[in-house]
Every structure is written in structure tokens, then in C-alpha cells.
Amino acid sequence: EVEMKAAARALDFERAARLRDQVTAIRRVQETQRVAEVSDKDRDVYGLYREGESAVVTLLLVRDGFVRDTQTTTFGQVELPDDELIAQVIQSRYASGAATIPDEVVIPVELEGMEGVREWLTETRGKAVHLVVPQRGSKSHLLALASENAQHAFREKRVAVEQARGQAEALQKALGLAEVPSTIECVDISHHAGDDTVGAIVCMRDGAPWKKGYRGYHVRTETAGDDYKAMYEVLSRRFKRAKNGEANWELPDLFVVDGGRGQLNIAVTVLKELDIKDLAVCSLAKERENVLGDKVVDRVYQPGRKNPVTIRENGPALVILARARDEAHRFANKVREDLHARKRLRSELDQLPGIGTKLRVALLKRFGSVAQVAEARLTDLASVVGLQRARGIYEHFHPGVCQLPENPDEG
């Protein structure tokens, strides 16, 4: 609190806001520990906060009398009234059987067909479930805490959206864009010593990752670590689908290339070849500040400009670009690691004696991974590939460990 007030006096409002949120979070933790020690019953407590068509539902998981976890769901546009929204959330959470139904479900509003919902929860669980809307006492305190958390999450989301909007507006000004870029894509190339070359494209909407727009590419051409050829292939494949008007492949407001002038020129070449003229594109490169210096800075390049764009270091425009670049780098590494793992998996399966493609698929379908195949009992292997091949597989993974029995049921 002292630091928060000092930051406010110094007009460092961004730092003051962060400290304010930390103070609020600490108080919430203290309140959680105080109010949760009311019973040893397991409860799911739902809090709701909404403004207009935007809403947040927060779930407190109370186990053994203490709040063990908090989960938050944000709804950008929802026209349902409060009771129908809560009913929908409850149905979604418990219908699949993935979530444990507790002794008691605490909700903020009465539901239409309340008794029917309670009976459904009881039937699904196989044991009595209480569905309550508390008005007073310890349960109402828990409900108030859940609703307060929902309100706090709503405000955090709104602040994050406002910050992202400010960053996007700063980026529009810095790059001279016609519109504020609400959707930004960024591409990165990754390989391991020239092998397992992949491309990855991430999508940011209003400053936040939008996972539905993420794309991973296994580079097909023989590049031997040639980032330019890999970049050309990945961008050609991505932009052709947009050019053809395929659903969910629309172009973003701004496309960012991880790299310098060379990578940017590749993007420009692909766009010209496909006759795509309206896409704003730039590149973001980490470069040394000067020839003799050790400091590395981010520089932004645009087509047709010899010198990098002047953007204030750590300013809002650079922050949003760096966030997209760093996410693209993270995702590209994940795509490459997944590819490497699949290749290693296939390589190890190829070494199994007498096992062709169909049997490899059957083994993976039955056991899930090579590690599980290696740990499988002889009788389980034999049920998939037959006794003779099962013996060869078992000996492959356990050479000389023991004398294999004639009867697989003894293995």
C-alpha cells in the first residue's frame, strides 16, 4: 500500500494500478481462508457479475472446508438472463462426467425448474446433491466471495482490453496503418541444426492469444536450415488459403514476420505473387544497437523503407509486437518438439522385429505410446500382434531380463 501511494504521487499510474491489484489479491486470499473454514462439506460455489451483455461466472471449489481452486469463465456477448446463464454453466460443467459433483452446489439465483436440476445432479452423481441459493450465514459469505471474484475478473479483463486497445492504437500511429489492428498474426521458423524445420503462425485478438487462429507447418521442401526457403513455403501455404477464400483463413489486420529485412522481403514476394495488396505487413528483428555494443534491441521494418521504424523502447507499440513475436517463438518450438517426438516414436517402432505399418498403428491404438508398449505384459502384447511377435517385442525392450515362458499368461 505504501508503494502504491508513492507510485501515484509520482504519477506512475501504471505501476500504481499493478500494486493496487496485488493488494486486492492479497486481501482476497485472506478473506478466502477466513470464510472457508465454515464446514467440511464439499461445495461448488458460483458467483456472477455482468454489465450489459458481458458477464463473468466464477466457481469456487470448496473441499474439506477450504477453497482449493478458483475457475473463471468470461462471456463476451450473452443475451441470456442470469438464471439461464447459470443453468447453462452448470449443465456444461457436469454433463460430461469430467467434473466431480460435490455434496452441495451454491448458486446466486433461483433457477427455473430448480427441483428438476437438483434431481439431475443427484442422478448424475449417484448420491444426494443439495442445490441452494443462500440468503444468510456462512454460505452467503462464500457466495459473496465468489461474486466479488467475478467482479474483479471482469474489471481485470476490461483493463486488459483497454490496454491492448491503447497498444494497438499506438502501433497504428507508429506504422501509419489505415486502421487500428485488432487482429495480428506473427510467423516464426524453427529447426534443430537444420533438421525438423517447422513454421508456426500465432494469432492475437485484442492483444490476447486466439488459439483457434494458431497454425503449425511441417516444412516439406528440402531446406537444410534455410530460413528464407522455409518462410517462403509457410507463407505461400498460409496466404493461398486466404486468397482462395477458405473459411477461417481470413487475413489479419497486420501480419508480423519474425526477422529482419530478408524475412520481410520474402513476405512481400509471396504477397506480390498471390496479388494480395491490402495486407499490412512488417518484421520485428532483434539486432545489436551498434557494431561495438553488446546491447540488443528490437527493430521494426516495413516494406519500402530503408531504415527501421522509430518506436520507443518498451513503448506500447513495441510491447504488442514483442508479445506476438515471443508467442510465435514459443509455439514454433512446441511444433518442432512435437514433430521430433513423433519421428523418434516412429523410428523406435520401426526397429520392432516383424512389425509392419498396420501392426504399429494397432500397438499405438491399444497402448497409446512406445513407452506403454515397452511396459506392457507379454499377454497384452500377444492379444494385439500374436505370441511370436509379442516375444520379439518383449525381448527388444527387455533384452536378457528373463526366460520367456511358453504360456503368455505366465508372463
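The values are calculated or read from the model by the stated rules, or taken from the named source; none is laboratory data. Model, not experiment: these values are computed from the prediction. Note that we place each Cβ from the backbone using ideal geometry, even for glycine, and neighbour counts take in every protein chain shown. Accessible surface areas use protein heavy atoms only, side chains included; no ligands, DNA or RNA. Shrake-Rupley method; radii C 1.70, N 1.55, O 1.52, S 1.80 Å.
Compute the signed sum of charges (Lys and Arg +1, Asp and Glu -1) over the other residues within less than 10 Å, Cβ to Cβ, of D83. Spell out each step's value before the answer.
On the way: positive: none; negative: D82, E84, E110, E112.
Combined, the nearby Lys, Arg, Asp and Glu give -4.
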Using only protein heavy atoms and a 1.4 Å probe, report how much of H192 is accessible, in Å² to the nearest 10. 110
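Evaluate the charge dipole of the chain about its Cα centre and quote only its size in Debye, nearest 20, assuming +1 on the Cβ of each Lys and Arg and -1 on the Cβ of each Asp and Glu.
On the way: 61 positive and 63 negative charges, 235 e Å.
For the chain, the charge dipole is close to 1120 debye.
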Values of log10 I(q)/I(0), in the order q = 0.21, 0.29 Å⁻¹, for region 55-119 under a Debye, Cα-only, solvent-free model: -1.03, -1.53
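Applying a 10 Å radius around every beta-carbon, put 145-158, 62-75 in order of their mean neighbour count, most first. Don't jump to the answer; show the numbers that get you there.
On the way: 145-158: 18.9, 62-75: 15.6.
Averaged packing, sorted descending, gives the order 145-158, 62-75.
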Expressed in nanometres to one decimal, the distance between label points 7 Å along Cα→Cβ at A374 and V361 is 2.5
Intensity falloff of region 166-288 expressed as log10 I(q)/I(0), Debye formula with alpha-carbon point scatterers, at q = 0.21 Å⁻¹: -1.32
For an R0 of 51 angstrom, estimate the FRET efficiency from the Cβ-Cβ distance between T72 and Y228 and round to the nearest 0.05. 0.75
If the chain between K334 and S383 were fully extended at 0.36 nm per residue, the gain over the current Cα-Cα distance would be 14.1 nm
Give me the 1.4 Å probe accessible area per residue for the chain, excluding ligands and nucleic acids, in Å². 57
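Among rounded, prolate and oblate, which fits region 72-213 when a ≥ b ≥ c are the square roots of the eigenvalues of its C-alpha gyration tensor, a/c under 1.5 means rounded, and a/b larger than b/c means prolate?
Values: a/c = 3.24, a/b = 1.89, b/c = 1.71.
Prolate, since a/c reaches 1.5 and a/b exceeds b/c.
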Would you please calculate the Kirkwood hydrodynamic radius of the chain over all C-alpha pairs and express it in Å, rounded to one decimal? 26.4
Farthest positive-ward along the chain dipole, Cα basis, beta-carbon charges - from F13, P316, M204: P316
So for the pair K173, A98, with labels modelled 7 Å out along Cα→Cβ, what separation do we get in nm? 4.3
Sort S283, S92 by accessible area with a 1.4 Å probe, largest first. S92, S283
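Could you tell me the relative contact order of the chain? Use alpha-carbon pairs under 8 Å, at least six residues apart, and round to a whole percent.
Working: 622 pairs, mean separation 42.7, N = 411.
Normalised by residue count, the contact order of the chain is 10 percent.
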Using only the alpha carbon atoms of region 235-284, find the Kirkwood hydrodynamic radius as the inverse mean reciprocal pair distance, in angstroms to one decimal. 11.1
Cα-Cα over 21 Å: which of K212/K358; K240/K277; K212/K272? K212/K358; K212/K272
Which entries of K157/K334; K306/K334; K5/K157 have Cα-Cα distances beyond 29 Å here? K306/K334
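Evaluate Rg over Rh across region 148-232, taking Cα atoms for both radii and Kirkwood's formula for Rh. Please report the intermediate quantities before stating the final value.
Numbers: Rg = 17.8 Å, Rh = 15.3 Å.
A ratio of 1.16.
Multiply the residue separation of E3 and A322 by 0.36 nm, subtract the distance between their alpha-carbon atoms, and state the gained length in nm to one decimal. Mind dumping the intermediate values first?
On the way: separation 319, 0.36 × 319 = 114.84 nm, distance 2.82 nm.
Residue separation times 0.36 nm, minus the Cα-Cα distance, leaves 112.0 nm.
Given Cβ point charges of +1 (Lys, Arg) and -1 (Asp, Glu) and nothing else, what value in debye, to the nearest 20, does the dipole of region 98-220 about its Cα centre take? Show your work: numbers first, answer last.
Details: 15 positive and 17 negative charges, 31 e Å.
Computed charge dipole of region 98-220: roughly 140 debye.
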For the chain, with the dipole built from +1 on Lys and Arg beta-carbon atoms and -1 on Asp and Glu ones, taken about the Cα centre, which of T221, Q151, G354 lies farthest toward the positive end? T221
Summing Lys, Arg as +1 and Asp, Glu as -1, what charge do residues with Cβ under 15 Å from the Cβ of T310 carry, T310 excluded? +1
Expressed in nm to one decimal, what extension gain is obtained for the pair V133 and N248 from 0.36 nm per residue of sequence separation less their Cα-Cα distance? 37.2 nm
Of the peptides 1-12, 96-107, how do they stack up when ordered by the mean number of other Cβ atoms within 10 Å, highest first? 96-107, 1-12
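What does the charge add up to near G213, with Lys and Arg as +1, Asp and Glu as -1, over the other residues with Cβ less than 14 Å from its Cβ? Can you show the working numbers first?
Working: positive: R205, K211, K212, R215, R238, R241; negative: E185, D206, E246, E250, D253, E327.
Spelling it out: positives minus negatives among the neighbours equals 0.
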